[in-house]
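Comments concern the structure below.
The values are calculated or read from the model by the stated rules, or taken from the named source; none is laboratory data. Quantities reported herein were computed from a predicted structural model and do not represent experimental measurements. Note that we place each Cβ from the backbone using ideal geometry, even for glycine, and neighbour counts take in every protein chain shown. Ligands, DNA and RNA are stripped out before the accessible areas are found, and what is left, the full protein with its side chains, is counted by its heavy atoms. Shrake-Rupley method; radii C 1.70, N 1.55, O 1.52, S 1.80 Å.
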Amino acid sequence: MIRAGVATVDITPPAGLPLSGFAARTLPATGAHDPLTVRALAVNDTAMVVADVIGLHGDMSARIRRRCTLPDANVIISALHNHGGPVSMAGRLTIETDEAYLQRLEDACVEAIDQAVAAQRPATLSVGLGSDPDIARNRRHPDGPVDRALPLLRVRDESGDMIALMTGYACHPVVLGADNRLWTADYPHYVRRALETEHPGATALFVTGCVGDANTGHSAHASISLAANPDRSFAAAERIGEKIAKAAMDAPELPLGGDVAALEAQVSLPFERRETETPAELAARWRAERAGAEPAQAALLDAWIHWAETIALEPTDALSGRVSLLDWGGLPVFGLPGEIFAATALGLRAACSERPAFIAGFAEDNPGYIPPSEEFAFGGYEVDEAHRYYGQPESFAPGCAEALAAAGVALLEKTKSGRN
């Protein structure tokens with residue numbers, strides 16, 4: 001029998017704290033446009049959690065899973081990856097963290113899980129794929145791959161009332177640009193609002209997919225600007241979010257079974273140096289460039305210089321990445337760490353044999369971009385530069401994305417054998 005519960009805990013910071021998401025933006029938040037939250041959906045002895053922050057450090061996620069009421073292997077904690085949120089990962093994304101806020105965030109995640117478990121009642125689950133909202137674009141290649149899947153999970157109680165809805169889409173929550181100084185969940189706020197308006201009393205969760213190379217169409221370098229852009233406004237975020245929600249609500253309802261399982265695997269993620277110049281040479285070149293740079297570019301170069309003089313000199317031990325899978329009555333819910341590309345997600349979807357599936361990026365840990373091997377030949381921000389912003393001494397090596405996908409497929413096969 002399925003039991004399900006949902007909970008929401010507010011994590012909106014006060015004005016005055018730094019925003020995370022753009023190296024070009026150095027001024028603090030002036031207020032909140034919409035509330036930031038942690039949302040948890042608990043199904044039997046498992047839970048899916050989404051926090052409205054740019055990322056969670058693996059150390060924090062591990063503590064949350066140990067502290068909560070559920071077995072720590074049975075929880076996926078993911079980040080929305082909104083770029084209008086607070087600094088949420090110690091030692092990453094160039095800005096000092098507020099320790100009091102980090103503790104508040106950790107406590108809120110534990111509270112959301114425990115409240116969702118306490119709120120559980122008999123429930124039924126159904127899932128389907130919504131229509132393609134045609135929002136996401138591959139920002140690295142004009143005709144590059146995009147994960148267009150738009151699953152919608154509906155959770156109802158015994159009387160048929162909606163408890164929760166969970167949808168997910170693979171498009172960077174970065175409609176708002178570096179000029180924005182208000183706390184915001186970006187377009188997912190409007191997705192959730194539309195779903196909850198359609199089903200009063202229900203709680204909506206939005207799972208950000210594998211968006212490493214996907215947004216609404218601008219390049220990563222286009223964000224090195226403090227200029228306002230009408231295509232990157234709250235009005236644009238509202239239009240996009242409502243379009244995605246409408247497409248999700250087109251999803252049919254396919255009933256799910258009553259068996260629930262959770263599996264996890266650890267994958268070694270080695271690094272590889274991409275820079276050919278020494279850190280000292282890079283720092284000198286960037287200092288020379290900074291002398292004539294515009295303020296936004298100067299802020300980025302400051303981050304690069306700091307990296308070259310400190311982080312680039314650190315040892316490069318491989319990270320361990322957690323791959324997790326919840327099986328909710330035949331619905332796979334994957335959690336992958338970092339910024340994963342569409343090709344990796346599409347490979348996992350193929351392994352699901354056309355079943356709807358959720359594939360959450362930024363789950364457990366967000367140590368940076370993890371591109372598929374074929375992308376390294378093209379270089380660019382995601383491959384050659386972003387590790388500096390993320391506080392990593394080097395880029396992740398080719399093969400890391402494939403290793404994560406292989407681990408996910410292996411977990412999926414275990415769930416299939418368990419049902420046979």
Quote the charge dipole size of the chain about the Cα centre in Debye, to the nearest 20; the model charges only the Cβ of Lys and Arg (+1) and of Asp and Glu (-1). 600 debye
If you plug each phi of the range 300-311 into the Karplus form 6.51 cos²θ - 1.76 cosθ + 1.60 with θ = phi - 60°, what whole-Hz ³J(HN,Hα) values come out, in order, with x for Gly and Pro? 5, 5, 4, 5, 5, 4, 4, 4, 5, 8, 10, 5
As a check on your grasp of the helix formula, calculate [θ] at 222 nm for the chain: sum -39500 (n - 2.57) over DSSP H runs of n ≥ 4, divide by the residue count, round to the nearest 500. -9000 deg cm²/dmol
Given backbone amide H placed at 1.01 Å from N, residues whose amide H is under 5 Å from that of residue 215, ignoring those fewer than 5 places away on the same chain, are 137, 139, 172
From the backbone phi of the range 224-236, what are the Karplus-calculated ³J(HN,Hα) couplings (6.51 cos²θ - 1.76 cosθ + 1.60, θ = phi - 60°) in whole Hz, Gly and Pro given as x? 8, 7, 9, 6, 5, 9, x, 7, 10, 10, 5, 5, 5
How do the peptides 207-213, 229-235 rank, highest first, by the average count of neighbouring beta carbon atoms within 10 Å per residue? 207-213, 229-235
To the nearest 20 debye, what charge dipole does the range 274-313 have about its Cα centre, counting +1 at the Cβ of each Lys and Arg and -1 at the Cβ of each Asp and Glu? 20 debye
Within the set 387, 189, 218, GNM on the chain using Cα springs under 10 Å gives the largest fluctuation to 218
Cut-off under 5 Å, modelled amide H: who pairs with residue 163 long-range: 155, 156, 157
Among 129, 383, 102, whose Cα lies farthest out toward the positive end of the dipole of the chain, if unit charges sit on the beta carbon of Lys, Arg (+1) and Asp, Glu (-1)? 129
Using +1 at the Cβ of each Lys and Arg and -1 at the Cβ of each Asp and Glu in the chain, identify which of 240, 286, 43 lies farthest towards the dipole's positive end. 43
Backbone HN-Hα couplings from phi across the range 258-266 [Karplus 6.51/-1.76/1.60, Hz, Gly and Pro as x]: x, 8, 10, 9, 9, 9, 8, 8, 9
Packing-wise, with mean Cβ within 10 Å as the measure, how do 333-340, 264-271 rank, highest first? 333-340, 264-271
The range 186-313 - percent of accessible surface contributed by carbon and sulfur, probe 1.4 Å: 53 percent
If a/c stays under 1.5 just call it rounded; otherwise compare a/b with b/c (prolate if a/b is bigger, oblate if not). Do that for the range 274-313, with a ≥ b ≥ c from the square roots of the Cα gyration tensor eigenvalues. prolate
How would you rank 275-282, 404-411, 147-154, highest first, on the average number of other Cβ atoms within 10 Å across their residues? 147-154, 404-411, 275-282
Going from most exposed to least, what order do 243, 416 have by accessible area with a 1.4 Å probe? 243, 416
Give the accessible surface of the chain per residue, rounded to a whole number of Å², with probe radius 1.4 Å and ligands, DNA and RNA excluded. 36 Å²
For residue 10, tell me the accessible area in Å² from a 1.4 Å probe, rounded to the nearest 10. 80 Å²
What residues have an amide H closer than 5 Å to that of residue 144, excluding those fewer than 5 places away on the same chain, when H is modeled at 1.01 Å from N in the peptide plane? 138
Sequence of 60, 1 when ordered by accessible area, the most exposed leading, probe 1.4 angstrom: 1, 60
If every Lys and Arg gets +1 and every Asp and Glu gets -1 at its Cβ, then about the Cα centre the range 1-77 yields a dipole, in debye to the nearest 20, of 140 debye
Taking a ≥ b ≥ c as the square roots of the Cα gyration tensor eigenvalues, with a/c under 1.5 meaning rounded and otherwise prolate when a/b beats b/c, else oblate, which class fits the range 40-143? oblate
Going toward the positive end of the dipole of the chain, with +1 on Lys and Arg Cβ and -1 on Asp and Glu Cβ, which of 305, 408, 353 do you reach last? 353
For the range 308-420, go through all pairs of different Cα atoms, get the mean of 1/r, take its inverse, and jot down that Kirkwood value in Å. 15.0 Å
Residue 180 neighbourhood, Cβ < 11 Å, K/R = +1, D/E = -1, net charge +1
From Cα pairs below 8 angstrom and at least 6 apart in sequence, can you work out the relative contact order of the chain, rounded to a whole percent? 19 percent
Among bridges DSSP assigns within the chain, what percent are antiparallel (round to 5)? 75 percent
